[in-house]
Every structure is written in structure tokens, then in C-alpha cells.
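These notes concern the structure reproduced below.
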Amino acid sequence: MRILKQDKRMDAVTRSLTAAFAAITTSVVAFALPSSTFAQEGSAGALLEEIVTVARKRGEAEAVQEVPIAVSAFGAEQLDALFVTRIDDLGHLMPNVQLETIGTFPGVQSFSIRGQGINSSIPSVDPTVGVFYDGIYMGTTFGVVVDTFDLESVEVLRGPQGLLFGRNVTGGAVILRSRRPTGEFATRVRVGATDEGQASIAASIEGSLIEDTLTGKLVAYYSDDDGYYTNTNPEQPIPAPFPGDITYYKAATGGDVGAIETTFVRPTLVWTPSDRQEWILIAESGKTEGDGAVWASVTEQRAGALGTFTSTADEVGFTDITWDQLTFEINIDEIGSGTLTNLFGYRKTEVGSFVDIDGTWLPVFGATGDSEAEQYSNELRWSGSFGSNWEATLGLYYFEQDLLYNEGRYVRPGGGLPPPATEATLALGGTMESENVGVFWNNDFFIGDSFTAQIGVRYTDESKTARIYTAPCFDVVTFNCPANDLQGDWDNWTPKLGFTQELSDNARVYGYWSKGFRSGGFNFRNARPDVIPPGPTREEESNMIEFGLKSEFKDGTVRLNVAAYHNEITDTQRELNVPDPFVVVLQGTINAGDVVIKGIEADLVALITDEFSINASVGIQDGRYTSLDPIVDSIAQDLGAVDPVTGQQLVIGEELPRLAPSNGSLGFSWDFPLGASYLNVTGQFTYREANFYNDSNTERFDSQKRVNGAINWISPNQTWRVSLYGKNLNNEENYGNLTNIGGLFTSGPMQPGRYFGLQVDWQYQ
């Protein structure tokens, strides 16, 4: 591997992080006081209420403040207090976290935590941040950016979580948990609408079906968005065929675009045949359909030649996503001195899409996507104690998934692409079968009254069998293409060593070393196998050291958490995104080299008065390549991506993509009593420094400043909640990704600007 010269800024960042962490730790410990139980009626103090987490997979949930990892957790009360309506809203409120939809097609999540994220929308590229819904790993990235209605909690674990969660969590994990029925009759209805033509209704009903034995719950959700964006193109291009010999075409003739409609139902049953047993069955079936992602010429918008939130795309496109999933959980207490849990999961998704990727009135570049994924998983674990000073969690895990992905590209040089581009259709994709087996053991040893040592290890064995279409193939209807049959096998140990030192009843420091593992994969977008091979790539490993402080003081009215980390990643997998005259944009995943990421982060909640609180977060991070794989220079030479003067390759830049060097948030919550009811005003300002989108550092996301606010009226006993809110009040333009079209201009799917809404929430219990 070619060794790169270390950037002096990394050493400076390390010194600054160390000094800042030491200063904060010293100051907090100096005046940490014994805490008292804190309870606050109203919204201002909701963020200080105790939040529990299942991050360590214990038999019982633990208080977040007692868990020795960097985790941001939000219960239902906290989500209401911050007026978070979607998961991606949280991405601006946590340090060094980006929870956004990103990719070619709509509805695709690609979360980034501590500079580790992917830009791909194809399912053959494993994510760096795993999403777990009711304990089940989501194998595909479609449809996981969800509404927060009926969520019991959202937990974001920062840093590698390989010990308990296995592969594909080198950046972290997002844990979503739906509300369980309590056994008491309750119902809830929420309706909302915005000034931009979005309306939604959600409802739940729960109660006892068999007294003291069987409880049930049903959740239904519907939203209809007329489309936030404006299209000004009156042109009528030639329709494009969709896989399955279906000709789909919706001309962009002006008006609102980006319409989307989402529906899902989720029944839940909880059976408790005895005090020792709990059986939980959760099913969900949903559908999203509407326009395709709305792309626009970013180059024109930044130059002022095209209006904000306006596209001239010649085709509106479409989106059609369906999913069905099932979770079956069994908990049995008093198995020895612990709890035995079996967690079975099933999920199936089907996705169809068409997008006008160039986003202009010229018929330059469009793409269809047709994807199917089916997965099964099962985890059997036991959590309990051996004596008074030893707690343990051990388990077995199995996962399998079948994937189909077909992508059709439509290239029309008559729309403006220069030679040697030729008018063509290009078929990409393939199939892949994955199987994963894991076994893990985690131990906590209590030494004295204040010190805990942690040691654990996980072994993972994973195999993938793929059939990758070989270019050139022009059959975008039936995808009867020549293909490469490929096989990959990976196994890895992911250990963890850590400690926790109690400083007082309400302050503790912790530290740990942990490994993360991300298996290799294949390139479904095998457009130029002569430049980027179809795979398999080598596995990616991360080694991270983290030290942190968790504290509460001033009688529980102030909470401050701080973490500093150093992460070394070997054989990092990166999806290159570079212009190419033959396929417009060449995308493919390679092992780019080795990376070091360093950072510090802190979050604060403080109750200033009984009615007024503030919340804040800050993150600072830096990431650099320390070495590059020889394939990087090879690709640069093949593409002619070499500076003719310096000879420097232009495939991998100095800075890691989707790593904002600084980010932060500042918010408040203010209660105004109105007799038995009260008025709550909340506001949030967030900032994220500009950062690159692609590895070559040629496409950059602008800095993001976002202002959100809400005025909430809460009735006596919290039966009614009426909210008037605004999102992105400063009306900043943002994009889901940035794609260079044939080296001519940059386009990207737009994210919504400013909108106002009214939401009414009623509950009875």
C-alpha cells in the first residue's frame, strides 16, 4: 500500500481534543453533587426524565446514564418535547450524527455516524450504521426513515457495536422500538397538515383481550404529500420502458412534484401465560408510492439561474415501495439466575422506481430501479448473573437474505452529453444470497463498590454468493444478461475491553477498546469491470478507543455527557462516484485504504427554572487516509483522473466524505402555565459544517443551518396536544446527494425547504 504523509492538523486536533476533554471532566467532577430523583410536570423538564436503553441486551432495560457508551436516547416524551416527527429530524440534534435519506432513489436511508457512512442506494453495499427495528436488523436501506408516531424510543449508539450487534455497525447502530400495549384500554389519534400540501392521520387502539393474559394493539398510519417542489418543464420526451415490460411515463408539465403517499398498519399481541413468560408478536405491512426523487441542476441553482426548490426535469418518475415484516419475541425469566430471550424476525421489501437523474429539461440521463429483498433472522440469548459480582450476556445469531436488484440506465447524448457517449440503454444489477452466523459473550465484573471491568467477544462467519451482470448489457426490460458467478467468505472476531469508574452517585467515567467488522461485498453497478472489478471486496475492520464522562449535578437539573474517540479503520470500503463519458457516472465500491478518525462530542440538558430548559450538543471530528490501496492509482490511470502537472490521482481526496468537521445544536423549551393546562414553546438551531459528498472531494455539501420551532398547547391530563410548528424556517436548500453528469454539471435530489404545519394529538387512557 502507498503510505500517505500524515496531516499536521490531525495531531493538532488530537491535542485539542485531549485538552478539552480533560478540562471538561475536571470541571464537572469538581462540583458533581449527589443527585435527587427529579420529576417535572410539563415539557421543559422532559429531557431530564430518566431514559432507559436496551443497547446492552440485558434482561432488563438500563438507565442511559449508567451505560458506558456514547448513546443518545429519546423516549416518547422526549420526542414530543423536541417536536420530532421523523427519525431524520434527530440527525441534526446529536453530535457527529447524520440521519438522512440519500441515494439515487427516494426512501433510502444511508446514515452516517462519526464520519462513517455510505453514499450508495444499492443493496449489495452493506451500510456502516445498522438499523434495528424492534430488535430486528434491517438488511436493506429502503423504507427505514419512519414517522415517530407510536415509537417508544429511539437510541443512537455512536461508534463500533460489533460485540453485541455483529457486522455492519462499524459506525454505530440506530435502535427503534415501537410502543407495547400496557393491558389497559387506551386510544390515540393524531392528525396534521402543512401549508405545502402534506396531510397525515395516525391512530392506535389497545386493550386487554384476555384479562391478565393477552393484550393487543393496532396502529394505522396514512400520509399524503402533494409534492413540495415546482417543475417548470413543458417538454414531452419519449417514454422509457420499465423492468417487466411495463412502459411507465409521466411527463413533467409544470406544477408540484415530489408527491408521495404512505400507508402502514401494525398489530401487536403480548401474551403472558405466567409471571415468568412473555410472548410478543409484532407485524407490519406498509406501502409508499408516488413520484420519484426530484432532482435538479445544483450547478444552476448555486449560480442563481434556477429558482430554489425548482426542477426542470423532463420526467417526474415514480416510486413504489412495499414492505411486510414480522417480529416474534419470547422472554422467559428465572432460567438459572437470568432471562432467556429468543428473537425471530422476517422482512420482505419490493421496490420499483424511475428518476430523471440529470434533473434538466434535456433527456440526458434517467434510471429505473427494481429491487426485491427477503430476510430471516433469529437470535437466542441469555442474560443474567453469576454470584454478586459477575453479570453476563451470551447468545447465538443467524441471518440470511436474498436480494434481487435491476437498474436500467438511459443515456441520450442528444440531450447534451459529449462524445464518446452514445445513445444507449444499460442494464446493471444481479442477485445475491447472504448467510451470517454469530456467537457472542459479554461479561461485567464488579470490583469493589465503584469499579466495573468489561470483557467480551463475538465471532462472526459470513458468506455471500452473487450473480453480477456483466457489461455491456442493453436489455433493460427482461435483464437477460451475461453474468459473473462470485463467492465471498469472511470471518472475524470483534472483542471489547472496557471499564467504568463511579466518581459519585451521579458521575462516572468510562473507557473501552472495541472492534467493528463490515463484511466484503459486490458491485451490482458493474458498468466498467475493466476499471472497477465486480468484487468481492475485502472486509473492513475498525479499532476504536473511547473515553467518556456521564454526569448529573445540581440536584439532577443539569446533565452533561462527554466522549472522545480515536478510530482506526483498515481496508475501508468506499463507493467511488466519478464522471465517466461511457456510463455518465461510474459508481463502484473498492477497498480504498486505511483511515484514522478522531473526535470529541458533548451534549447538555439544563433546567434553568421549573418552566425553562435548554439543550445543546457539539461535535468536532477529523478524518484522514493514512494509506491508499494500489487500486486507487490504477483506477485513476484508467479514467484519466490524474493531474497532468502534479501527477496526483484525483479519485481519492484528502478529506473523508460525509464527515462534517464541526456540528452543533442549541435549543430551548419554555412552559407557560394556563391554569390546569399549559403552553409550551420550543425552538432548535442546528449547524453542520460544509463537507464533501464524494471521495474525490469534487462535490461538496454546503454548510447547513437549520431553525425549527413549535408552539404547543397541552390540555389538563395531557389529553389534547395542539401544535403549530415550522421546519427549516431559514429556508435553506439541501440535497440528498451530488452527482456529476458526464463532467458537465452537478445534479442532486432536493430536500424540503421551509414549511409550516398544524398537528392535533388526542389520547384517552
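Coordinate-derived values only; no laboratory data. In this text, all values refer to a predicted model and were calculated from it rather than measured experimentally. Here the Cβ positions follow ideal geometry from the backbone for every residue, glycine too, while neighbour counts run over all protein chains shown.
How large is the dipole of the chain about the Cα centre if only Lys and Arg carry +1 and Asp and Glu carry -1, each at its Cβ, rounded to the nearest 20 debye?
About 1400 debye.
So what's the back-of-envelope 222 nm ellipticity for the chain, counting only DSSP H runs of four-plus at -39500 (n - 2.57) apiece and dividing by all residues, rounded to 500?
-2000 deg cm²/dmol
Over segment 2-764, what relative contact order in percent results from Cα pairs under 8 Å that are six or more residues apart?
Relative contact order of segment 2-764: 14 percent.
Enumerate the whole-percent occupancy of each 10 Å bin, from 0 to the last occupied one, for all C-alpha pair distances of segment 293-362.
17, 24, 16, 14, 13, 11, 6, 0
Set the Förster radius R0 to 60 Å, insert the Cβ-Cβ distance between Gln637 and Gln501 as r into 1/(1 + (r/R0)^6), and round the FRET efficiency to 0.05.
0.70
For the chain, find the longest principal axis of its Cα atoms and tell me its angle to the long axis of helix 8-31, 0 to 90°, nearest 10.
20 degrees
For Asp580, what charge total do you get from the other residues with a beta carbon under 12 Å from its beta carbon, if Lys and Arg give +1 and Asp and Glu give -1?
Local charge sum for Asp580: +1.
Does anything in segment 365-393 have its amide N under 14 Å from the 7 Å Cα→Cβ label point of Ile330, and if so which residues?
Counting backbone N atoms under 14 Å from the label point, the list is 378-382.
Of the cross-linked pairs Lys57/Lys727; Lys348/Lys496; Lys217/Lys287, which ones have a Cα-Cα span greater than 25 Å in the structure shown?
Going by Cα-Cα distance, Lys57/Lys727; Lys348/Lys496 fall outside the 25 Å limit.
Could you give the length gained by full extension between Tyr222 and Val189, i.e. 0.36 nm per residue of separation minus their alpha carbon distance, to one decimal place?
10.7 nm
In 10 Å bins starting at zero, report the fraction of Cα pairs in segment 625-765 per bin as a rounded %.
Bin by bin from 0 Å, the calculated values are 10, 26, 23, 16, 12, 8, 4, 0.
Starting with the highest mean, order 732-743, 472-483 by the number of other Cβ atoms within 10 Å, averaged over the residues of each peptide.
732-743, 472-483
If you line up the long axis of helix 630-639 against the longest principal axis of the chain, both from Cα atoms, how many degrees apart are they, to the nearest 10?
Once rounded, one gets 40 degrees.
What number results when the radius of gyration of segment 2-764, computed over Cα atoms, is divided by 2.2 N^0.38 Å?
It is 0.93.
Which ³J(HN,Hα) values in Hz, rounded to whole numbers, follow from the phi angles of segment 718-725 under the Karplus curve 6.51 cos²θ - 1.76 cosθ + 1.60, where θ = phi - 60° and Gly and Pro get x?
Calculated HN-Hα couplings, in order: 6, 6, 10, 9, 10, 10, 10, 9 Hz.
Sort Leu164, Leu486 so that the residue with the fewest other Cβ atoms within 10 Å of its own Cβ comes first and the one with the most comes last.
With the sparsest Cβ surroundings first, the list reads Leu486, Leu164.
Specify which residue in the list Val531, Ser463, Cys481 is farthest towards the positive end of the charge dipole of the chain, using unit charges on the beta carbon of Lys, Arg (+1) and Asp, Glu (-1), about the Cα centre.
Among Val531, Ser463, Cys481, the one farthest towards the positive end of the dipole of the chain is Val531.
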